[in-house]
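Here the structure comes first, spelled out in structure tokens, and everything after it is commentary.
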Amino acid sequence: MDAQPKASHYINGRFVEDVGGKPMDVIYPATGESIARVHAATPNVIELALEAGRAAQGAWARMKPVERGRVLRRAADILRERNAVLARLETLDTGKAIQETLVADPASAADALEFFGGAIAAVNGEYFDLGGPFAYTRREPLGVCVGIGAWNYPIQGAGWKSAPALAMGNAMVFKPSENTPLSALALAEIYTEAGLPDGLFNVVQGYGEVGAALASHPVVAKVSLTGSVPTGRKVLSLAGSHMKHATMELGGKSPLIVFDDADLENAVGGAMLANFYSTGQVCSNGTRVFVQDGLRERFLERLVERTKAIRIGDPLDPDTQMGPLINKLQHEKVLGYVEIGKTEGATLLCGGGVPRLQGLEGGFFVEPTIFSQVEDDMRIAREEIFGPVMSVFGFSSEEEAIERANDTEFGLSAGIFTRDLPRAHRVVAELQAGTCWINHYNLSPAEIPFGGVKQSGMGRENSVAALHHYSQLKTVYVETGDVESPY
Ligand code: NAD
């Protein structure tokens, strides 16, 4: 069970320790026991990491893009070779079921490294014909970028941020969530093994104050945060007051609309994926499920039946389908929302309790939970819970569904299940969300952009769009004749 890393931080191609920083115990969420201890970065460690990035970035940026890409693709191969070991580490760090981490976490990081490692060779500036004179743009890296991660997808987050940053010729200092400090260190070692020059990917640990110190440091050109909306507001104002670039991947309360003509089993499966994967700790989850009147009864019946069959338990058991929540605080928060839902008058159809699991009494488990008869103004319908709590609403018309789906400050994602394709595209065009799924939910391959609108954030991860967000344009005007000067 011991998951102790060689040291807390990874700087300039080496593990670095400074026990002067605040201790951070790594808790295995399935038992509540401590499995490792690291220390938050001291100001000295932060300076070392940023200086390492600054010193290494220029030479890296001058390398041929395809050579930078080759390093990333080698690192992607190593991630895949070590998938089983990394998945286990991720399960220990997050409590997520091993059947998920084996397919979704290191694999998704590897996908991003592979995609950006290849795509970078095809990303260039533009040429402008000015009828004799001409101009062109160069897409140049920003410099030292900071990545700040959330706890739910630690290695994926580190991969999704570092791969486009590095491919584009930047250096990165990455701060994982204080809840999940382990797998970013493993990624850093893999980058070194793949041939990434020292100093280009550095990991420093810490709580919010370390993130804030990074986000306001003069050396830093860009901050990419994955986190909650309140944290996003703080980090964006820090970055803005120093005129830094920023990408904000924040929270959501996304709608999933199921029309009468939807395939019932697909819609039920989609709604479960949209609420229960990673024990509901997914930013893009479709936690407001709107089901049209004609299908609602049958939908709820199958949904409850299939939800009651979810196997909850030891995350390291390959048969387990749902592990615990990340920590005690989140456990209390989610159970608190279940109580709020009951008090507000919603109908609890299943779950809502803490399962009894022998040997795992100290874990942060909660049963997958479904509320029906939810009203739009209830707190469980408006606030991000970040746990396996689904709210089901009724609706009658397409216009009504669109209006109610958009009635939220968030705008991360949305989904729709229907067999009527014109309707699917018509509705999706009206939904205020950064990513929409038609007849599926929560798939985010590296090839397509991912990110939010409204309070859910700005900028995009993945796809060529992410390379644009880790670069800036330089315009070059070229004269081919004489200078016409009035002087
Ligand atoms: P959080 O906002 O508490 O913390 C996120 C990160 O920000 C952590 O590393 C934390 O240490 C750091 N941080 C906290 N305060 C800071 C400050 N003042 N300055 C700089 N850094 C600071 O979020 P969390 O609880 O770790 O994650 C859950 C949240 O993240 C949810 O709201 C979820 O929706 C969101 N999320 C969004 C996405 C996305 O891609 N849109 C993905 C995953 C999670």
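Every number here is computed from the coordinates shown, using simple stated rules; none is lab data. Fair warning: this is a prediction, and the values are worked out from it, not measured in the lab. All Cβ positions, even for glycine, are placed from backbone atoms using ideal geometry, and neighbour counts span all protein chains on display.
Shape class for the stretch 255-438, computed from the alpha carbon gyration tensor (a ≥ b ≥ c): prolate, with a/c not under 1.5 and a/b above b/c. For Lys328, a cut-off of 12 angstrom between C-alpha atoms picks up these aspartates and glutamates, skipping any fewer than 8 places away in its own chain: Glu33. Mean residue ellipticity, 222 nm, helices only, the chain: the sum of -39500 (n - 2.57) across DSSP H runs of n ≥ 4, divided by residue count and rounded to 500, is -12000 deg cm²/dmol. Phi angles of the stretch 415-420 translate, via the Karplus equation with coefficients 6.51, -1.76, 1.60 and θ = phi - 60°, into HN-Hα couplings of x, 8, 10, 6, 9, 8 Hz per residue; Gly and Pro are given as x. What percent do you get for the relative contact order of the chain when only Cα pairs under 8 Å and 6+ apart count? Reported relative contact order: 19 percent.
The protection proxy used here, the mean number of other Cβ atoms lying within 10 Å of each residue, ranks peptides 260-271, 123-134 as follows, highest first: 260-271, 123-134.
Apply the a/c threshold of 1.5 to the C-alpha gyration tensor of the stretch 358-487 and tell me whether it is rounded, prolate or oblate. Here the stretch 358-487 falls in the prolate category. Please give me the summed charge of the neighbours of Thr226: other residues whose Cβ is under 15 Å from its Cβ, Lys and Arg +1, Asp and Glu -1. That sum, taken over residues with Cβ under 15 Å, equals +1.
Between Arg62 and Tyr127, the contour length at 0.36 nm per residue exceeds the alpha carbon distance by 21.3 nm.
For the chain, the share of DSSP beta bridges that are antiparallel, to the nearest 5, is 40%. Full extension of the chain between Arg138 and Glu81 yields a length gain of 16.9 nm, computed as 0.36 nm times the residue separation minus the alpha carbon distance.
With R₀ set to 30 Å, the beta-carbon distance separating Val304 from His425 gives a calculated FRET efficiency near 0.45. Can you figure out the FRET efficiency of Thr347 with Tyr477, using R₀ = 60 Å and their beta-carbon distance, to the nearest 0.05? E between Thr347 and Tyr477, to the nearest 0.05, is 0.35.
Please label the shape of the chain as rounded, prolate or oblate, based on the square roots a ≥ b ≥ c of the eigenvalues of the alpha-carbon gyration tensor (a/c under 1.5 means rounded; beyond that, a/b larger than b/c means prolate, else oblate). Taking the square roots of the gyration eigenvalues as a ≥ b ≥ c, the chain is oblate.
Helix 264-276 and the longest principal axis of the Cα set of the chain meet at an angle near 60°.
Residues Tyr477, Tyr277, Tyr153 in ascending order of nearby Cβ atoms (within 10 Å, fewest first): Tyr477, Tyr277, Tyr153. Axis of helix 83-94 versus longest Cα principal axis of the chain: the two differ by about 70°, to the nearest ten degrees. Distance from the alpha carbon centroid of the stretch 228-307 to that of the stretch 85-103 works out to 22 angstrom.
Taking 45 Å as R0, compute the FRET efficiency from the Cβ-Cβ separation of Glu403 and Leu329 and round it to 0.05. The partial results should precede the final answer.
Values: r = 35 Å, r/R0 = 0.77.
With a Förster radius of 45 Å, E is 0.80.
Here the spin labels are modelled as points 7 Å beyond Cα on the Cα-Cβ line, and at Gln358 and Asp317 they lie 1.0 nm apart. Compared with the dominant Cα axis of the chain, that is its longest principal axis, helix 43-62 is turned about 60°. Residue order for Tyr337, Tyr136, Tyr10, fewest other beta carbons within 10 angstrom first, comes to Tyr136, Tyr337, Tyr10.
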